[in-house]
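Okay, structure first, notes after.
The values are calculated or read from the model by the stated rules, or taken from the named source; none is laboratory data. Note that this is a predicted model, so its numbers are computed, not measured. Cβ atoms come from the backbone with ideal geometry, glycine included; neighbour counts cover every protein chain shown.
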Amino acid sequence: MVDFLFYLFALITTLGAGAVVLSRNPVNAAMLLIVSFMGTASLFVMLGAYFLAAVQVAVYAGAVIVLFLFIIMLLNVDVAERSRPSYVTLAAGLIAGILMILGTLELFERGENFTLITLQELDSIGASTQSFGVELFTTYMLPFQMAGILLLIAMLGVIFISKRGKEAGKKGP
Amino acid sequence: MTIGLNEFLVVSGLLFTIGFFGLLIRRNTLVLFMCLEIMLNGVNVALVAFSQFNGTMDGNLMVFFIITVAAAEVAVGLAIIVALFRKRKTVYVQELNVLKN
């Protein structure tokens, strides 16, 4: 049962991601991205990281996708892409992708010592919200505060960029 | 066959590869950003799997910070795309060639 669920979630995640790459319409791509993110959240649940799964759904599938959809509909760009990628780019991407997939598949050949534990016998390390808070406020205090400063700077930067654009538009013809 | 760490790492590598491929072949900057998110997601899957199979919380915390940084990055990136669209009236990378020549 666990195996079946894992393969189902992995299929949903990868197929959703592939559909994002191949879809011509940006709105469709954003919607398919939600599917991929939900699949990732399910994988987190399978691993026992419930808090991260909740954060994944709330932040990624919620906030980030809404932001994407806002911008797509605000800009109102043409529905489809006009030009196709050049054959050189396509070939380079395919070769790079095949090499990376082969590299990961090599794990099955070389990585036998990783398979000592299976998912079923994985004992919970207690990745609960409480242990998250304890870790955040003890070991990871400095990165936590830096993340706060980073968010503040990002907010200021976004305000600055959007204001600058407006002023430049006014000054121009 | 039972599910171990390897299967999660393969899913992670597949996600990263798909995002990378999309980053190379797509022309729309908004979709390029989505591909970046897919790549970050692949890394997140690997980190959570390592963390849980290793029995430590560190990977989980790192994914937490990655999600924070990714949210900030998307906000700034989309603001830049909007500012660029105001000036150049396009979101396609092949038309954003001011620095050419």
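A few points about this structure:
- All conditions in (1) more than 24 Å from residue A:153 (Cα to Cα); (2) within 7 Å of another protein chain (Cβ to nearest Cβ) hold for residue B:47, with the sole exception of (2).
- Residue within the stretch B:58-68 that is among the hydroxyl-bearing types (Ser, Thr, Tyr), over 23 Å from residue A:28 (Cβ atoms), within 7 Å of chain A (Cβ to nearest Cβ) and surrounded by fewer than 18 Cβ atoms within 10 Å (Cβ to Cβ) present: no
- Matching residues, the stretch B:6-33, being out of contact with any Pro (no Cβ under 8 Å at 6 or more places or on another chain), among the aliphatic types (A, V, I, L, M) and crowded, with 24+ Cβ neighbours inside 10 Å: B:11, B:15, B:18
- Residues satisfying the stated conditions in the stretch B:46-95, i.e. farther than 19 Å from residue A:71 by Cα and either small (Gly, Ala, Ser) or touching a His at 6+ places or on another chain (Cβ under 9 Å) (or both): B:46, B:49, B:51, B:55, B:59
- Extreme residue, modelled with the highest pLDDT, among residues of the stretch A:100-111 that are at the interface with chain B (Cβ under 9 Å from one of its Cβ atoms) and surrounded by fewer than 16 Cβ atoms within 10 Å (Cβ to Cβ): A:103
- Any chance residue A:44 is in contact with a Leu (Cβ under 7 Å, 6 or more places away or on another chain), part of a helix (DSSP H, G or I) and in contact (Cβ under 8 Å) with a residue 24 or more places away in the chain: no
- Apart from one condition, residue A:42 fits all of (1) more than 9 Å from chain B (Cβ to nearest Cβ); (2) among the hydroxyl-bearing types (Ser, Thr, Tyr); (3) under 12 Å from residue B:38 (Cα atoms); the exception is (3).
- Selection of the stretch B:13-35 for residues being free of Cβ contacts under 8 Å to residues at least 24 places away in the same chain and more than 8 Å from every other protein chain (Cβ to nearest Cβ) yields only B:23.
- For residue B:53, the test of being aromatic (Phe, Trp, Tyr), at pLDDT below 90 and crowded, with 18+ Cβ neighbours inside 10 Å is passed.
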